[in-house]
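Asker: Sharing a structure with you now.
The values are calculated or read from the model by the stated rules, or taken from the named source; none is laboratory data. Just so we're clear, the structure is a prediction, and the values are computed from it rather than from any experiment. Virtual Cβ from ideal backbone geometry, glycine too; neighbours counted across all protein chains shown. In case anyone asks, the SASA skips ligands and DNA or RNA and just uses the protein heavy atoms, side chains included. Shrake-Rupley method; radii C 1.70, N 1.55, O 1.52, S 1.80 Å.
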Amino acid sequence: MDLNSLTVAGTVAAIRERQVTATALAEDFYRKIAAEDREIHSYLSVSKERAMAAAASVDALAGRGDPLPPLAGVPMAIKDVMVTRGVCTTAGSKILENYIPPYDCTAVARLEAAGAVVLGKTNCDEFAMGSSTENSAYGPVRNPRDKTRVPGGSSGGSAAAVAAGFAVAALGSDTGGSIRQPASFCGVVGLMPTYGRVSRYGLIAFASSLDHIGPLAHSVKDAAILLGIIAGRDPLDSTSADVPVPDYAAEIGKPVRGMRIGVPKEYFPEGMDAEVRTAAEDAIQLLAAKAGCGVVPISLPHTPYAIPTYYLVATAEASSNLARYDGVRYGHRSRESATLSEMYRRSRHEGFGAEVKRRIMLGTYALSAGYYDAYYLKAQKVRTLLTRDFEEAFKQVDAIITPTSPTPAFKLGEKVDDPLSMYLADIFTVTADLVGVPGISIPCGNSREGLPIGMQIMARHFDEPTLFRLGHAYEHAAA
Ligand code: GLN
């Protein structure tokens, strides 16, 4: 069995037809991880006992000839910002180095209830803050397509694990692009669902009004199947939406003729990377020529304000969310303090990395008395203007297509000392998070150096079906 290209549906079919057992398949993946992940470093930990127990129960069902659940035996990887009961969860931070959560993230529990086999937890930027996975306290991930380059971030471990064949699919989280951008850097599909579509219960909070959980996979169809499992109202997350979950997988193969694709001029600026521009433009032309879509030039005029708005809202919310790491309730506690306040200070000083500290300081500043109106409140107002841009656009078009990232994967170390240029890696992705609309990144070619390039499709709130239809139509037309 070729572990590098196994799909979700292909895995379930192979297990149903008894070509392989879930146990043997999990063992194959663990062997591959042991042999090859030393170089990539996509996993922070593996959860073999739990995985083998899940695989054994799938095999017991298959052995009795019972109907199999929809993800029976599918080996998956989970970004280490989702808590797993009894399995160490670090969020890529020293402050949670030995943290063993007492409960499961809803999205993970739903995958396991559907028969998935969770192989382990993937490496990520500390608290999901970053665009290259170089902010992990446990060392960076390398891009399987070119090991001198980053896999993107912050879900770089999940993207690399799928691209390298260390899991059939993975979960990541996206606050400003962290599913879509690493998907594009590693040449896989990455979906950020509508805000509220997937419960955030058990997702370690970065910026609560922007955080999303979503799948990374080899194909649009796999992403659709996985979203169908993890989506839906969860009484444990009051922001999870009480909106029925459609049969996403049924969208695969439906016609897209006549759909109108908006192409925003702000996402194709002068001077942008020529190969990225050409790949995205060619993909749009292919959808027009082969699938019968209409192409409509549009404008999203507030786009230039998205990055500053994002870095105000995200840091403000992060400074509040990260206040809970005080050395008392979770994780690392400094040993050498004489007073309580010194213990707080030292625990946080020792436990947090440089980027996390930078964000806490920026966010605390933006929320301070006297600055709140000038920064946080202003940012929330601009967020409304960005939302209006999309409302206007979606009066004319059904979907918006842009490049996912302004460049292909950059070199390890290239941007670590330049936070501003790192922040610009998210220039095309942050807006969807701020507005709450869904976005998917799909591979749409390679650079001359052989690096993957991704295109992003965005649609109206809760219109993931359009993303799946168009995305699959593109895969089909490009194949
Ligand atoms: N790279 C962005 C940041 O550093 C987005 C991260 C994310 O989506 N989690 O904030």
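Asker: Could you check the spin-label model distance between E36 and R358? Points 7 Å from the Cα along Cα→Cβ, value in nm.
Answerer: 3.3 nm
Asker: Multiplying the sequence separation of K147 and E449 by 0.36 nm and subtracting their Cα-Cα distance, what value in nm do you get?
Answerer: That pair, K147 and E449, stretches by 107.4 nm at full extension.
Asker: Counting only protein chains, not ligands or nucleic acids, how are H349, H218 ordered by accessible area (probe 1.4 Å), most first?
Answerer: Result, largest first: H349, H218.
Asker: Can you work out the accessible area per residue across the chain, with the rest of the protein chains kept in place, probe 1.4 Å, in square angstrom?
Answerer: Ligands and nucleic acids excluded, the figure is 37 Å² per residue.
Asker: Quote the relative contact order of segment 142-254 in percent (integer), defining contacts as alpha-carbon pairs under 8 Å separated by 6+ residues.
Answerer: 23 percent
Asker: Mean separation of Cα pairs under 8 Å and 6+ residues apart, divided by the residue count of segment 280-377: what relative contact order is that in percent?
Answerer: That works out to 29 percent.
Asker: Once the Cα atoms of segment 283-412 are picked out, what are the Rg and Dmax in Å?
Answerer: 21.7, 71
Asker: Evaluate the charge dipole of segment 99-174 about its Cα centre and quote only its size in Debye, nearest 20, assuming +1 on the Cβ of each Lys and Arg and -1 on the Cβ of each Asp and Glu.
Answerer: In debye, rounded to 20, segment 99-174 gives about 260.
Asker: Leaving ligands, DNA and RNA out of it, report the carbon-plus-sulfur percent of the accessible area of segment 1-128 at a 1.4 Å probe.
Answerer: On segment 1-128, the fraction of accessible area on carbon and sulfur atoms equals 53 percent.
Asker: Determine, for each peptide in 423-429, 298-304, 219-225, the mean count of other beta carbons within 10 angstrom over its residues, then list the peptides with the highest first.
Answerer: Final packing ranking: 219-225, 423-429, 298-304.
Asker: Still on this structure, please answer the following. In whole Å, how far is the Cα centre of segment 125-176 from that of segment 375-398?
Answerer: Comparing the Cα centres of segment 125-176 and segment 375-398, I get a distance of 30 Å.
Asker: In square angstrom, rounded to the nearest 10, how much accessible surface does R85 have for a 1.4 Å probe?
Answerer: Its accessible surface works out to 140 Å², give or take rounding.
Asker: For the ranges 254-264, 327-337, 171-181, 450-460, what's the packing order if you count other beta-carbon atoms within 10 Å of each residue, average per peptide, and put the highest first?
Answerer: Put in order of decreasing packing, that is 171-181, 450-460, 254-264, 327-337.
Asker: Would you mind listing how long segment 188-264 runs along its three principal axes, going by Cα atoms, in whole Å with the largest first?
Answerer: Each principal axis gives a Cα extent; for segment 188-264 these are 39, 29, 24 Å.
Asker: A further question follows. Assuming R0 = 25 Å, what is the FRET efficiency of S341 and A374, from their Cβ-Cβ distance, to the nearest 0.05?
Answerer: It comes out at approximately 0.25.
Asker: Where the centroid of each part is defined by its Cα atoms, how far is segment 436-458 from segment 181-200 in Å?
Answerer: Measuring centre to centre over Cα atoms gives 12 Å.
Asker: Points 7 angstrom from Cα along the Cβ direction at E270 and N4: gap in nanometres?
Answerer: In this crude spin-label approximation the distance works out to 4.3 nm.
Asker: Take the residue pairs K79/K147; K265/K357; K378/K415 and return only those whose Cα atoms are more than 24 Å apart.
Answerer: Pairs exceeding 24 Å: K265/K357; K378/K415.
Asker: Turning to a different aspect of this structure: With the radius of gyration and the Kirkwood radius both derived from the Cα set of the chain, what is their ratio Rg to Rh?
Answerer: 0.96
Asker: Per the 1.4 Å probe, what fraction of the accessible area of segment 138-219, in percent, lies on carbon and sulfur atoms?
Answerer: 47 percent
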